[in-house]
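Notes follow once the structure below has been shown.
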Amino acid sequence: MKHLLTMSDVTPAEIERIFAITADLKAKYEAGLREPMLPGRVMALLFEKPSLRTRVSFEAGMVNLGGSAMFLGADVGWGNRESAADFGRVLSQYVDVIVCRAHAHTKVTDLADHCTCSVINGLTDYEHPCQALADLYTIRELIGRFAGQTLAYVGDCNNVARSLALGCGKVGLKLSIAAPKNYRFEPEFLELLKRETPQLQMTVTDDTAAAVKDAVAVYTDVWTSMGQEKESAKRCKDFAPYQVNEQLMAAAPKDCFFMHCLPAHRGEEVTDGVMDSPQSVVVQQAGNRMHVQKGVLAYLLGARSI
Ligand code: CP
Ligand code: NVA
């Protein structure tokens, strides 16, 4: 694996390897130790959209690993000052890895096509692979296994859902989706899913209670993703029956967890009561973004000590 642009870039064996490195680094981190596996390595961050978790967890994680990170503002002119080819070829000579967040997925793949260094997708309209890896790691941390378990995803079949679906297929987790008809995976993505992860067991329904009834975790994301703000009123109406609230959580098994990639739009896709309940693992999930990304960086950049 040279780049992490989509969950298609990572094999089941690589996921296991990344999780093993992550577990080791996380245990050391919690014991107050930092492992400088990537001394002198440099990360550049290019973000077209706002971010708390992705930006800060990558910057902090790289520093933990003994490297450094630089957040590049709009003035470097990604996509408007020079061609993607010139931009990528030049930036790759200065840094070892580029983490980027863009509206269009092709903007990130175009950049990667011209880079000699690694490129990591820090969210596009199409996928959010770093989120899915951290989510799967969190599920394993909570229940110790994937086989035979079901993740329920309630809401918009968006970037986060696409990466989760690919990830579930790769690790052997079943996926049960509840989504309105017009907000489900597009045929092209379903084709890709079938090709990439023929073993994925996935069901899609509009019955939210049925979707969560055997789930180990109920996952939701915002109804209006970044860049879709103009559609917000319509989306709030269309998704209203898909809110994850106390009543829906009562239809899930008692020990079921609640997950959300954050930021949450409280009162829309999820209630305060669910977000702040003992079942909610959203903070652990967000914390794991840093640990798992450290695993990704160590793996991708070939840290000598792993
Ligand atoms: N979950 C996530 O990617 O959060 P940010 O948008 O804050 O990075
Ligand atoms: N689907 C959301 C995820 C944010 C982390 C968005 O794209 O805005």
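Structural remarks
- Directionally averaged shadow of region 65-146, computed from the convex hull of its alpha-carbon atoms, nm²: 6.9 nm²
- 0 to 90° range, to nearest 10: angle between helix 12-30 axis and the chain longest Cα axis: 80 degrees
- For the chain, the relative contact order is 20 percent, taking Cα pairs closer than 8 Å that sit 6 or more residues apart in sequence and dividing their mean separation by the residue count.
- Three principal axis lengths of the chain [C-alpha, angstrom, descending]: 53, 44, 36
- Ranked by the mean number of other Cβ atoms within 10 Å of their residues, highest first, the peptides 93-101, 291-299, 21-29, 198-206 come out as 291-299, 93-101, 21-29, 198-206.
- Long-range HN-HN contacts of residue 5 with modeled amide H, under 5 Å: 121
- Neighbourhood charge, 13 Å Cβ-Cβ cut-off, centred on residue 76 and excluding it, Lys, Arg +1 and Asp, Glu -1: -3
- With the convex hull drawn over the C-alpha atoms of region 218-306, the volume per residue is 116 Å³.
- Solvent-accessible surface of region 195-306, averaged per residue with a 1.4 angstrom probe and all protein chains in place: 47 square angstrom.
- Diffusion coefficient, µm² s⁻¹, Stokes-Einstein with Kirkwood Rh over alpha-carbon pairs of region 1-140 at 10 °C and 1.306 mPa s: 101 µm²/s
- Around residue 122: net Lys/Arg minus Asp/Glu count, Cβ-Cβ under 13 Å: +2
- Simple label model, 7 Å out from Cα along Cβ direction - residue 236 to residue 195, nm: 3.9 nm
- The gain in end-to-end length when the residue 205 to residue 63 segment is fully stretched comes to 46.8 nm, 0.36 nm per residue minus the alpha carbon separation.
- Ranked packing of 83-89, 187-193, 104-110, most packed first, by mean Cβ within 10 Å: 104-110, 83-89, 187-193
- Net charge contributed by nearby residues that have their C-beta within less than 15 Å of residue 195 (K/R +1, D/E -1): -2
- Violating pairs (Cα-Cα greater than 31 angstrom) within the set 107/181; 181/230; 107/170; 2/230; 2/234; 2/213: 2/230; 2/234; 2/213
- For the chain, the longest principal axis of the C-alpha atoms and the axis of helix 105-114 are separated by about 30°.
- Per-residue [θ]222 nm for the chain (sum of -39500 (n - 2.57) over DSSP H runs n ≥ 4, rounded to 500): -12500 deg cm²/dmol
- Per the Debye formula on identical point scatterers at the alpha carbon atoms of region 176-251, with no solvent, log10 I(q)/I(0) at q = 0.17 Å⁻¹ is -0.79.
- Principal-axis tilt of helix 53-64 within the chain, Cα atoms, nearest 10 degrees: 40 degrees
- Amide H within-cut-off set for residue 244, under 5 Å, with H built and near neighbours excluded: 270, 271
- Solvent exposure of region 34-124 amounts to 43 Å² per residue of accessible area, where only protein heavy atoms count and the probe is 1.4 Å.
- Bridgeable aspartates and glutamates around residue 194 (alpha carbons under 16 Å apart, same-chain partners fewer than 8 residues away excluded): 9, 186.
- Descending by average beta-carbon neighbour count within 10 Å, the peptides 30-40, 62-72 line up as 62-72, 30-40, the highest first.
The values are calculated or read from the model by the stated rules, or taken from the named source; none is laboratory data. All values derive from a computational prediction rather than experimental measurement. Glycine gets a Cβ as well: all are built from the backbone with ideal geometry, and neighbour counts include every protein chain shown. Just so you know, the surface numbers come from the protein's heavy atoms only, side chains and all, with ligands and any DNA or RNA stripped out. Shrake-Rupley method; radii C 1.70, N 1.55, O 1.52, S 1.80 Å.
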